[in-house]
Amino acid sequence: MSAPQPTHRDLSAGAPLWLLAELTYRCPLQCPYCSNPLDFAAHRNELTTAEWVETMRQARAMGAVQLGFSGGEPLVRDDLETLVAEARQLGFYTNLITSALGLDEARITALRDAGLDHIQISLQAGDAEVAAAVAGSPKAHARKLAMARAVKAAGYPMVLNVVLHRHNIDDLDAIIALCDDLGADAVELANCQMYGWAQLNRAGLLPSRAQLEAAEATTARWRERLAARGRDMRLLFVVPDYYAERPKACMGGWGAIFMTVAPDGAVLPCHSARELPMTFPNVRDQSLAAIWYDSDAFNRFRGEAWMPRPCRDCDERHQDYGGCRCQAYLLTGDPAATDPVCALSPQHALIEDAREEAERAGRGGGELVMRNRRESQVFCRE
């Protein structure tokens with residue numbers, strides 16, 4: 001199948017450096033901020049082991065050096081160790097992004113022997129009750145803590161990721177204390193970004209400015225405390241886009257350094273791009289090189305020719321690349337619009353309205369639709 005003609009082709013496009021392999025959308029958890037598409041259940045035709053191996057070979061031949069195994073929960077794939085071993089042979093630096101459900105000491109050993117370089121485990125909260133409510137599993141929290149310790153015992157650095165939102169951000173002191181007690185080497189405190197399920201649940205997830213500022217202060221105090229103890233636990237605090245005045249350089253720019261391959265083989269410039277009203281090419285139909293360099297999907301928002309005003313006249317366009325296309329579409333209905341996060345956007349009032357909505361919400365934030373849509377959970381601790 002020949003590749004569709006691009007809207008315009010940026011001949012200066014470099015090679016992809018990062019490949020995110022979303023091996024599956026299947027997951028035992030029900031997190032209401034899941035980054036998988038809302039219709040994830042419709043994408044069941046997962047790439048086979050052989051198809052994933054060929055995809056990795058093509059990406060490496062193009063110059064990609066880092067490979068993340070993600071999902072859903074990548075551990076539900078029985079061939080994960082095989083894929084890790086192939087990635088090691090190809091020369092990738094590999095990272096497993098996991099809930100740790102499906103992990104045990106034997107599998108940690110198998111993954112290490114296969115050549116896995118790095119494991120990142122997600123936590124939902126510092127409190128077991130809140131964690132169970134967010135994840136939809138009463139046993140997940142204890143399992144995560146046990147596996148975090150096991151990962152470090154196996155010789156890996158303990159890297160934890162905590163998605164912060166209205167329901168756990170006020171407990172950040174306890175969350176960081178838990179990470180410290182576990183012996184974590186690095187903790188990413190990633191405020192929830194409003195895509196996918198998080199956008200659906202925005203009213204119940206976006207914290208107020210006061211909550212955010214308190215969390216930043218808590219993080220700063222912990223950094224000072226850790227430094228005074230000589231404790232090397234790195235704390236990365238990621239501010240939610242909705243409280244920034246300039247948009248972030250999403251994925252380093254559209255089609256610049258990053259590509260995602262979805263479970264069914266669709267190739268995306270970022271893991272949220274399926275939300276856009278676009279058709280994305282598939283590795284079952286075209287080579288990765290043809291997709292990266294020639295497809296309409298990867299060329300549509302490359303460079304600057306697509307940019308509207310005020311982006312095209314902005315001195316910061318080389319730094320933020322016009323912001324996030326998914327965010328622009330979700331907020332305005334136009335994927336080519338200036339990201340409303342930017343204070344210069346003519347539609348910045350949409351962000352201001354969302355902030356005001358967060359100010360009016362109670363601490364619990366109301367009802368959340370869980371990832372599997374079969375039930376919703378009300379958090380209210382006022």
### Summary
Note: among 225, 234, 166, just one is buried (at least 19 other Cβ atoms within 10 Å of the Cβ) and more than 17 Å from the chain's Cα centre (by Cα), namely 166
#### Entry: Which listed residue is touching a Pro at 6+ places or on another chain (Cβ under 9 Å) and open to solvent by 40 Å² or more (accessible area, probe 1.4 Å), from 205, 200
200
### Task
Please indicate, with yes or no, whether at least one residue in segment 306-315 is open to solvent by less than 10 Å² (accessible area, probe 1.4 Å), part of a loop (DSSP other than H, G, I, E, B) and in contact with a Pro (Cβ under 9 Å, 6 or more places away or on another chain).
no
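Checking the conditions here, which among 333, 322 is within 30 Å of residue 262 (Cα to Cα) and free of Cβ contacts under 8 Å to residues at least 12 places away in the same chain?
Values: 322 fails: free of Cβ contacts under 8 Å to residues at least 12 places away in the same chain.
The match here is 333.
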### Task
Please find, among 267, 283, 239, the residue that is closer than 28 Å to residue 175 by Cβ and β-branched (Val, Ile, Thr).
239
## Note on the structure
Checked 232, 264, 180 against criteria (assigned to a helix (DSSP H, G or I) and either at pLDDT below 95 or of a type in the set (D, E, K, R) (or both)); the one match is 180
### Query
When residues of segment 267-286 are filtered for being part of a loop (DSSP other than H, G, I, E, B) and closer than 20 Å to residue 196 by Cα, how many remain?
9
### Message
Just to be sure I understand, how many residues within segment 169-184 are in contact with a Ser or Thr (Cβ under 8 Å, 6 or more places away or on another chain) and surrounded by fewer than 19 Cβ atoms within 10 Å (Cβ to Cβ)?
### Response
1
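Go through 358, 343, 328 for me and flag whichever is buried (at least 22 other Cβ atoms within 10 Å of the Cβ) and farther than 20 Å from residue 276 by Cβ.
The unique qualifying residue is 358.
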### Message
I'd like the residue in segment 247-271 that is over 23 Å from residue 214 (Cβ atoms) and open to solvent by 30 Å² or more (accessible area, probe 1.4 Å) and, out of all such residues, is farthest from the chain's Cα centre (by Cα).
### Response
256
### Summary
Of (1) surrounded by fewer than 23 Cβ atoms within 10 Å (Cβ to Cβ); (2) at pLDDT 95 or above, residue 187 fails just (1)
### Task
Identify all residues within segment 235-261 that are part of a strand (DSSP E or B) and either closer than 25 Å to residue 162 by Cβ or among the basic types (Lys, Arg) (or both); write none if there are none.
235, 236, 237, 238, 258, 260
### Query
Among the listed residues 127, 104, which satisfies the condition of being open to solvent by 40 Å² or more (accessible area, probe 1.4 Å), modelled with pLDDT under 95 and acidic (Asp, Glu)?
127
### Message
Cβ-Cβ distance below 9 Å, separation of 6 or more or different chains: which pairs start in segment 104-122 with a residue that is on the phi > 0 side of the Ramachandran plot and end on one that is open to solvent by 40 Å² or more (accessible area, probe 1.4 Å) and among the basic types (Lys, Arg)?
### Response
115/88
### Query
Taking the condition farther than 30 Å from residue 124 by Cβ, open to solvent by 20 Å² or more (accessible area, probe 1.4 Å) and either out of contact with any Phe, Trp or Tyr (no Cβ under 7 Å at 6 or more places or on another chain) or outside any loop (DSSP other than H, G, I, E, B) (or both), does residue 57 pass?
yes
### Message
Just to be sure before I move on: is residue 244 at pLDDT 95 or above, open to solvent by 20 Å² or more (accessible area, probe 1.4 Å) and of a type in the set (A, V, I, L, M, F, W, C) in the structure I sent?
### Response
no
### Summary
Of the residues in segment 73-93, those that are in contact with a strand residue (DSSP E or B) (Cβ under 7 Å, 6 or more places away or on another chain) and either more than 16 Å from residue 118 (Cβ to Cβ) or in a strand (DSSP E or B) (or both) come to 73, 93
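Condition check ((1) part of a strand (DSSP E or B); (2) at pLDDT 95 or above; (3) of a type in the set (A, V, I, L, M)) across all residues:
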residue: 3; (1), (2), (3): no, no, yes
residue: 7; (1), (2), (3): no, no, no
residue: 10; (1), (2), (3): no, no, no
residue: 20; (1), (2), (3): yes, yes, yes
residue: 35; (1), (2), (3): no, no, no
residue: 44; (1), (2), (3): no, no, no
residue: 47; (1), (2), (3): no, yes, yes
residue: 51; (1), (2), (3): no, yes, no
residue: 69; (1), (2), (3): yes, yes, no
### Task
Looking only at segment 76-84, decide whether some residue is more than 30 Å from residue 173 (Cβ to Cβ) and without any contact (Cβ under 8 Å) to a residue 24 or more places away in the chain.
yes
### Among (1) touching a Pro at 6+ places or on another chain (Cβ under 9 Å); (2) touching a residue at least 24 places away in the same chain (Cβ under 8 Å); (3) in a loop (DSSP other than H, G, I, E, B) - the single one residue 340 does not satisfy
(2)
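The values are calculated or read from the model by the stated rules, or taken from the named source; none is laboratory data. Small disclaimer: the values here were computed from a predicted structure and weren't measured. Neighbour counts are summed over all protein chains in view; Cβ atoms, including those assigned to glycine, are modelled from backbone coordinates with ideal geometry. Areas reflect the complete protein model, heavy atoms only, side chains present, ligands, DNA and RNA absent. Shrake-Rupley method; radii C 1.70, N 1.55, O 1.52, S 1.80 Å.
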